[in-house]
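Read through the structure below, which is laid out as structure tokens, and then see the notes.
Any read-out appearing in this document is the output of simple, stated calculations on the displayed coordinates, not a laboratory observation. Quantities reported herein were computed from a predicted structural model and do not represent experimental measurements. So basically every Cβ, Gly included, is an ideal-geometry build from the backbone, and we count neighbours across all protein chains shown.
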Amino acid sequence: MTDVLIVGAGPVGLVLACLLGKQGRSVLVLEKKPARDSASNAIGVTPPSLALLGKLGVATELLQFGASIKRVHVHGQERTILGEVNFPEPILSVPQGVTEMVLEQRVRELSNVTLEYGWQFQSFDQDPEFLMALFQDASGNPRAERALFLVGCDGVHSKVRDSIDVAWKPRRFDSTFLMGDYFDETGWGDEAHLFFTSLGAVESFPLGQGKRRWIVQTSTYLDQPGSYLEDQVQERTGIALDPVTRTWQSPFGIHRWISEHYAWGRVYLAGDSAHQMSPIGGQGMNTGFADAEFLAALLEARLEKPKSKLAERWNTLYSRVRRKAGKTAAARSELSMAVGTVRGWASSPRNALLGWLLQVLRNVIPAHYAMLTIPFRNLAQAKARYPELASFKDIQ
Ligand SMILES: Cc1cc2nc3c(=O)[nH]c(=O)nc-3n(C[C@H](O)[C@H](O)[C@H](O)COP(=O)(O)OP(=O)(O)OC[C@H]3O[C@@H](n4cnc5c(N)ncnc54)[C@H](O)[C@@H]3O)c2cc1C
């Protein structure tokens, strides 16, 4: 029987598998996609996440692939300068597909961890001692797996979450965006630039490997964007992007919700299966990595002490601690989005206020975006707050 069955090989499932695999636990990861894709989505990896990825032995490789952002230049209308954000510790910017590739390589090195593609989770039965989960492949062939614990790392549309019928109340925002990755011809190196204009926001981040991410605020969700991104960057900032160098493009909308509970007996949620927040501010995946760090320590404690009377309490604290962190990250992302998406006449007073805030909060804003002030940003913080977690091992 497998110790831990993980549904979904996104970044959070892969980190959890690596953490548990390093402890010598048997882990099976089943992923519904036929193979890993290279979608670029999340790029910002904050210092607490990088410290965790360092423990897994993948931080150095990711740093080689990505760009370390130390400074963000903030511009107003006509590229006037409103201020800058200088991070106390750099934020790594690297496409999510690369992060997943490096994590998967690490998973494959762990002989006690198995990762298989092409298996879609269907349902499970929970027993006091173990659980049985059912999967199906693309041809409809069934597969049953027995495990001591099940973790849904299966993203926003989590079937694991649905099978336990958690009350969740998604909230949809009107803001929409379009992003694209291009060869970087700006000469800006590893620096990021934000432009707050009356026509809408433009964001530009280095990605490493000679590439740069551009994001523009849009009026509607653009399924067929054509040259909208290049046109709007030109109009709002005067910068010409060469469409031929575009390697990836995707529109996105904004939803926010958080699961009421993250744990039921032997079943857990981590990452986007438990919470979704605005990508503006770049905190979703990072929040999921911190979920995985806590959960790996919890599962390790439960596997080591199967009869512990603290098991229920640990589950309660997992939900409480990680929900608090998730809610804070979501609220901060929402605030960033609310400030950044003001358009028309109101963008002028917004920019005046922003310029002032960048001055007076120059020590607060960088730590905020680097997630250095998120409650329970790592396991050590949760252990310091709750004595019942004292026996949780820091995975080294
Ligand atoms: C445009 C955009 C930009 C973003 N930028 C950032 C950023 O800069 N920083 C940041 O921290 N976050 C960012 N995010 C958020 C980030 O992408 C997510 O938080 C992250 O992908 C969550 O990882 P996950 O592993 O929890 O879920 P996912 O990445 O969604 O992975 C879930 C996996 O489970 C699989 N799966 C689903 N259902 C099943 C099933 N039934 N059976 C088996 N497998 C299944 C899926 O195929 C998938 O591989 C961004 C998101 C978007 C959309």
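Structure summary
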{"read-out": "Amide proton proximity set for Val342, modelled H, under 5 Å, gap of 5+", "value": "none"}
{"read-out": "Value of relative contact order over the range 1-142, rounded to a whole percent, pairs C-alpha under 8 Å and six or more apart", "value": "30"}
{"read-out": "Burial ordering of Met285, Met132, fewest other beta-carbon atoms within 10 Å first", "value": "Met132, Met285"}
{"read-out": "Fraction of antiparallel bridges per DSSP, the chain only, in percent to nearest 5", "value": "70"}
{"read-out": "Given charges at beta-carbon only (K, R positive; D, E negative), |dipole| of the range 22-154 in Debye", "value": "360"}
{"read-out": "Estimated [θ] at 222 nm from DSSP helical runs (n ≥ 4, -39500 (n - 2.57)) normalised by residues in the chain, nearest 500", "value": "-10500 deg cm²/dmol"}
{"read-out": "Residues Leu134, Leu19, Leu148, sorted so that the one with the fewest Cβ neighbours within 10 Å comes first", "value": "Leu134, Leu148, Leu19"}
{"read-out": "Packing-based ranking, highest mean first, of 4-10, 169-175 given that Cβ atoms within 10 Å are counted", "value": "4-10, 169-175"}
{"read-out": "The range 263-268 - phi-based ³J(HN,Hα) in whole Hz, Karplus 6.51/-1.76/1.60, Gly and Pro as x", "value": "9, 9, x, 9, 10, 9"}
{"read-out": "Members of Lys32/Lys393; Lys305/Lys393; Lys309/Lys383; Lys33/Lys159; Lys169/Lys327; Lys324/Lys383 lying beyond 20 Å, as alpha-carbon distances in this model show", "value": "Lys32/Lys393"}
{"read-out": "Selection from Ala274, Cys153, His193, by position along the positive dipole direction of the chain (Cβ)", "value": "Ala274"}
{"read-out": "Which of Leu62, Leu372, Leu222 has the fewest Cβ neighbours within 10 Å, and the rest in rising order", "value": "Leu372, Leu222, Leu62"}
{"read-out": "Residue with peak Gaussian network fluctuation, the chain [Cα springs, cutoff 10 Å], from Asn315, Asn363, Asn351", "value": "Asn363"}
{"read-out": "Estimated D of the range 7-62 in µm² per second, where Rh is the Kirkwood radius over Cα pairs and Stokes-Einstein applies at 4 °C, 1.567 mPa s", "value": "103"}
{"read-out": "Radius ratio Rg over Rh of the chain, counting only Cα atoms, Kirkwood formula for Rh", "value": "0.98"}
{"read-out": "The chain: most fluctuating residue of Lys55, Lys32, Lys309 per GNM, C-alpha cutoff 10 Å", "value": "Lys309"}
{"read-out": "Estimated vicinal HN-Hα couplings, Hz - the range 330-343 in sequence order (Karplus 6.51, -1.76, 1.60; Gly, Pro = x)", "value": "5, 5, 5, 4, 5, 4, 4, 5, 4, 5, x, 9, 5, 10"}
